[in-house]
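The values are calculated or read from the model by the stated rules, or taken from the named source; none is laboratory data. Every value quoted in this text rests on a predicted model; they were computed, and no experiment measured them. Here Cβ is always computed from backbone atoms with ideal geometry, including for glycine, and neighbour counts include all displayed protein chains. Ligands, DNA and RNA are excluded from the accessible area calculation, which covers all protein heavy atoms including side chains. Shrake-Rupley method; radii C 1.70, N 1.55, O 1.52, S 1.80 Å.
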Amino acid sequence: MNIDVQELLQEKEYLEKVIAVEPYHYELFFELRNGYQIPLTITFSPLFPTQLPIVHINEKYHNIPDIPHVMSSGLVCFLDKEGVIWSDVPERTLDFVFDRVERVLISNSPQIEYHREFSYYFGTLEKTEPVFSVYTPEDEPKEISVLAMGGKPFAFLTDDAESRSLLGKLLNANINSRNLVKANYIPLDYTYKGKVPQFDRFWSNEEITNIIRNHISDDTLLKIAKFSMNKKRYFYLLRIPLLTGDQTIIGLWYEKVNHSLSKKVIPLIDESISDDFKVTPLFVFRNDDTTLIERGGGVRKPLNALLVGCGSVGSDLLFMLARSGIKHFTLIDDDKMKIENSYRHFLGMNKSIESKPKVKLLKEEFENRYPNVHIQTIENEVLDTIENGEIELNDFDLILVAIGDPNIERRLNKLILKSSTPAIFTWVEAYGIGGHALVVNNGGKGCYECLIDTELRLYSSFAGKSDVPFIKNMNGCAGSFTPYGSIDSMETALLASRLVFRFLENDIKGNPLVSWKGSSKLFEESGFMTSERYKQSRDILNQDDYEYINTSCKVCSKLKDEAYKDDKR
């Protein structure tokens with residue numbers, strides 16, 4: 001560190017009695033804007049101001065106050081650094097640090113600040129036990145289950161086949177009802193306004209009982225009273241509404257210490273048996289569906305999707321949608337995974353060695369990665385599948401088409417327009433000059449057939465007219481392929497994914513075309529020319545385009561110009 005930090009500290013009018021205790025470590029007095037002086041210690045990193053200093057209340061001269069964001073050690077947690085940028089000028093950085101420290105020390109509403117950090121403080125309890133949960137909290141009390149190992153609770157879940165399967169896949173273990181014991185989930189009805197447990201200050205058994213009784217309705221109390229009783233161990237999962245408007249989940253583990261207690265009891269609400277049970281707080285690591293999707297920024301609406309085509313674009317599209325919280329897919333593709341496509345397919349090279357059907361490999365991969373995803377597979381050509389009645393298009397909420405074959409897509413477009421299910425067609429162009437996604441059957445005119453002009457060229461195309469096909473081949477006709485890279489397929493899948501999210505939010509009007517534009521350098525070096533549409537700006541191309549719609553289209557011209565309304569949504 002080349003900065004004279006002590007000199008910087010001594011120059012600040014709000015700091016006094018700056019003493020160097022050891023390199024990078026100083027004692028000082030900080031004068032708050034209310035005139036109160038508080039003794040602090042401050043420790044700098046050699047990387048200051050890139051890294052902020054650590055500030056403590058100096059307990060040699062001052063008691064550690066019971067206020068939010070001040071730990072029992074005196075550590076002042078003055079900043080959540082996520083997304084915050086501070087000055088790289090040392091003088092300004094010091095002002096920033098002490099301004100944030102002051103905000104902590106003279107907070108006007110300490111209780112709500114404690115509640116804002118409820119989970120953090122609860123996690124500091126000295127005798128807390130960690131527990132896993134795949135149970136999705138509901139609004140009503142419910143008897144659930146807990147997986148107990150060695151007498152200790154390990155994971156909360158619902159005792160049904162789906163939950164046991166999910167937990168089993170996550171733990172790589174066989175979970176069945178014999179491994180589980182009963183637990184009770186109880187959502188409090190009224191906002192808790194009291195103190196937050198922390199460090200060595202947990203609620204007593206009597207306090208817990210009072211909290212429960214004072215924060216539930218009579219109806220909830222009656223439901224709790226009907227739960228299973230007379231056990232050696234009781235496990236509870238509580239949902240607590242906080243002053244912030246948020247809700248936190250905690251667990252409680254009761255163990256009977258008075259084994260002569262013979263009457264049937266519910267220790268959570270029975271006021272007369274507080275000394276008969278030992279209670280252990282459980283810090284809950286939530287891995288339920290709601291929490292995971294919210295943390296991942298995913299979708300919360302259900303969607304039953306049909307994905308036609310499981311090549312490079314289709315596999316990337318499946319990956320994006322599955323990790324966004326969509327759980328129900330039917331995959332149609334009649335192709336096997338081949339090693340020549342392994343560098344631009346989601347499954348990669350190791351899976352291609354097996355030469356198995358893409359749909360089966362994708363099902364295996366995704367259900368392993370995301371155990372709550374359910375995938376049905378059909379290893380067949382899509383037109384045969386539909387026309388032989390193997391699937392019914394009306395059974396799906398959305399159809400995704402990623403096959404990149406205009407001739408099949410034209411026929412598929414007609415079949416989709418005969419159904420009530422909207423669809424999104426998506427494809428990538430040669431040499432990565434761009435990709436497209438088109439919504440059809442979302443109300444009104446506009447369909448895949450509208451894209452095709454009298455010269456059998458696509459309106460959307462970024463490639464100019466050419467008598468030479470935009471393909472390469474390495475092993476004769478059998479080795480022909482459209483040249484583009486994995487980034488191009490991912491970009492196209494991302495374009496289509498954003499349309500899916502808009503569809504779920506009812507944010508698509510009619511049947512727009514959207515496109516992304518890449519570099520034309522390789523395309524032009526290969527002797528090809530770009531189209532007039534390619535010359536449009538990226539911003540314009542990425543907007544909803546309705547100019548392609550052919551009002552005399554033989555497929556969709558008779559449709560009414562009105563927004564699509566789907567009762568299934």
**OP:** Please give every one of the lysines within straight-line cross-link reach of Lys445, meaning a C-alpha to C-alpha distance under 22 Å, and leave out same-chain neighbours fewer than 8 residues apart.
**Re:** Lys414, Lys418, Lys509, Lys554, Lys558, Lys560, Lys565, Lys568
Subject >> Helix-only CD estimate at 222 nm, as mean residue ellipticity for the chain, using -39500 (n - 2.57) per DSSP H run (n ≥ 4) >> reply: -7500 deg cm²/dmol
**OP:** Can you spot the lysines whose alpha carbon is less than 26 Å from Lys182's alpha carbon? Ignore those fewer than 8 places along the same chain.
**Re:** Lys127, Lys142, Lys152, Lys169, Lys223, Lys226, Lys231, Lys232, Lys256, Lys263, Lys264, Lys278
Original post:
For the chain, how big is Rg over Rh, using alpha carbon atoms and the Kirkwood form of Rh?
Top reply: 1.08
Original post:
Of the heavy-atom accessible surface of region 78-173 (probe 1.4 angstrom), what whole percent is carbon and sulfur?
Top reply: 47 percent
Subject >> Sequence of Tyr546, Tyr236 from largest to smallest accessible area, 1.4 Å probe >> reply: Tyr546, Tyr236
Original post:
Toward the positive end of the charge dipole of the chain, about the Cα centre and with charges on Cβ (Lys, Arg +1; Asp, Glu -1), which of Tyr190, Ser486, Leu221 goes farthest?
Top reply: Leu221
Subject >> 5 angstrom amide H check on Ile452, placed H, neighbours 5+ away >> reply: Tyr459
Original post:
In whole percent, what relative contact order does region 377-445 give with Cα contacts below 8 Å and a gap of six or more residues?
Top reply: 27 percent
Subject >> Nearest-ten-degree value, helix 358-369 long axis tilted from longest Cα axis of the chain >> reply: 10 degrees
**OP:** Pop out the ³J(HN,Hα) list for region 519-528 in order, Karplus 6.51 cos²θ - 1.76 cosθ + 1.60 with θ = phi - 60°, rounded to Hz; leave Gly and Pro as x.
**Re:** 6, 9, 4, 5, 4, 6, 5, 8, x, 9
Subject >> Helix axis angle, 406-417 relative to the chain longest principal axis, alpha carbon, degrees >> reply: 70 degrees
Subject >> Fraction of beta bridges assigned by DSSP in the chain that are antiparallel (%, nearest 5) >> reply: 70 percent
**OP:** Pull up the cross-link candidates among the lysines for Lys60, meaning alpha carbon to alpha carbon under 19 Å and not fewer than 8 places away within one chain.
**Re:** Lys17
Original post:
Helix 312-322: angle to the longest alpha-carbon principal axis of the chain, degrees 0 to 90, nearest 10?
Top reply: 30 degrees
Original post:
Can you give the translational diffusion coefficient of region 75-207 in µm²/s, computed by Stokes-Einstein from the Kirkwood radius over Cα pairs at 4 °C and 1.567 mPa s?
Top reply: 69 µm²/s
Subject >> Beta bridge orientation in region 371-473: antiparallel %, DSSP, nearest 5 >> reply: 70 percent
Subject >> Computed over the chain: relative contact order in percent, which uses C-alpha pairs under 8 Å that are six or more apart >> reply: 9 percent
**OP:** In whole angstrom, note down how far apart the Cα centers of region 2-39 and region 76-108 are.
**Re:** 15 Å
Subject >> Relative contact order [Cα under 8 Å, 6+ residues apart], region 12-150, whole percent >> reply: 13 percent
**OP:** Using a 1.4 angstrom probe, figure out how much accessible area the chain has per residue, in square angstrom, rounded to the nearest whole.
**Re:** 51 Å²
Original post:
Given the Cα-Cα distance of Tyr546 and Ser274 and 0.36 nm per residue of separation, how much length would full extension add, in nm?
Top reply: 90.9 nm
**OP:** Quote to one decimal, in nm, the extra length available between Leu222 and Asp246 on full extension: 0.36 nm per residue of separation minus the C-alpha distance between them.
**Re:** 6.1 nm
**OP:** Enumerate the amide H contacts of Glu129 below 5 Å, restricted to partners 5 or more residues apart or on another chain; note that Pro and chain-start residues carry no placed amide H.
**Re:** Leu282, Phe283
